[in-house]
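To keep things clear, I will list the structure first and then write my remarks on it.
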Amino acid sequence: MYLDRPYAREVGHVVEAAGLTEGHDVPQDVLNSILHWLRKGGHDPVETLDMCRKGSLDGGRFCQNEGCEVVGHLKEFKVCPQCKIARYCGAACQTQDWTAGGHKETCGTMASTVARNRATAQQSSCF
């Protein structure tokens with residue numbers, strides 16, 4: 001069951017004891033790995049996963065515009081077309097952040113950093 005991985009055996013028992021093996025569509029080996037790294041980082045796996053579940057159901061504040069109080073799901077927020085990092089709830093917040101929020105100064109820098117990271121990742125994944 002644990003494919004001879006010592007940490008997977010320990011985490012697998014924690015998962016089963018905590019009742020985290022049902023009610024989700026995450027493959028067991030992925031869940032075991034997540035739980036392992038949560039424990040290794042000193043986090044309570046049950047509390048952290050409950051917080052993630054709650055966040056995915058209730059939504060969150062993803063708008064990059066400082067002071068925006070709009071709450072929703074990540075996919076509902078539009079991505080900046082240039083840097084592909086900043087997210088906004090609507091055109092008004094995007095315009096305000098571009099002019100007064102400082103995104104205009106950082107957008108090009110973020111876009112070039114993302115492009116460089118993608119190129120590096122593609123080069124390192126080639127055999």
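Derivation of every value follows stated rules applied to the coordinates shown; laboratory data play no part. Only a predicted model underlies this, so the values are computations on that prediction, with no experimental measurement involved. Note that each Cβ is placed from the backbone with ideal geometry, even for glycine, and that neighbours are counted across all protein chains shown.
Computed over neighbours whose Cβ is under 11 Å from that of Tyr88, the net charge equals 0, Lys and Arg +1, Asp and Glu -1. Karplus-derived 3J(HN,Hα) values for region 99-115, using 6.51 cos²θ - 1.76 cosθ + 1.60 with θ = phi - 60°, are 8, 9, x, x, 5, 4, 6, 9, 4, x, 5, 5, 4, 5, 5, 4, 4 Hz; glycine and proline are entered as x.
For Lys84 and Arg53 in the same chain, what is the full-extension length gain: residue separation times 0.36 nm, less their Cα-Cα distance, in nm? Let's see the in-between values first.
Details: separation 31, 0.36 × 31 = 11.16 nm, distance 2.53 nm.
So the chain would gain 8.6 nm between Lys84 and Arg53.
Taking a Cβ cut-off of under 9 Å around Val71, the surrounding Lys, Arg, Asp and Glu residues balance to a net charge of -1, with basic ones at +1 and acidic ones at -1.
Only Lys, Arg, Asp and Glu carry charge here, each on its Cβ (+1 for the first two, -1 for the last two); on that basis region 74-125 has a dipole of about 180 debye about its Cα centre. Distances between placed amide hydrogens fall under 5 Å for His43 paired with no residue 5 or more residues away or on another chain. Of all lysines in the structure, those lying under 28 Å Cα to Cα from Lys75, and not within fewer than 8 positions of it along the same chain, are Lys54, Lys84, Lys104. Here the scattering of region 53-127 is modelled by Debye summation over its C-alpha atoms, one equal scatterer each and no solvent; at q = 0.15, 0.16, 0.17 Å⁻¹ the log10 of I(q)/I(0) is -0.60, -0.66, -0.71.
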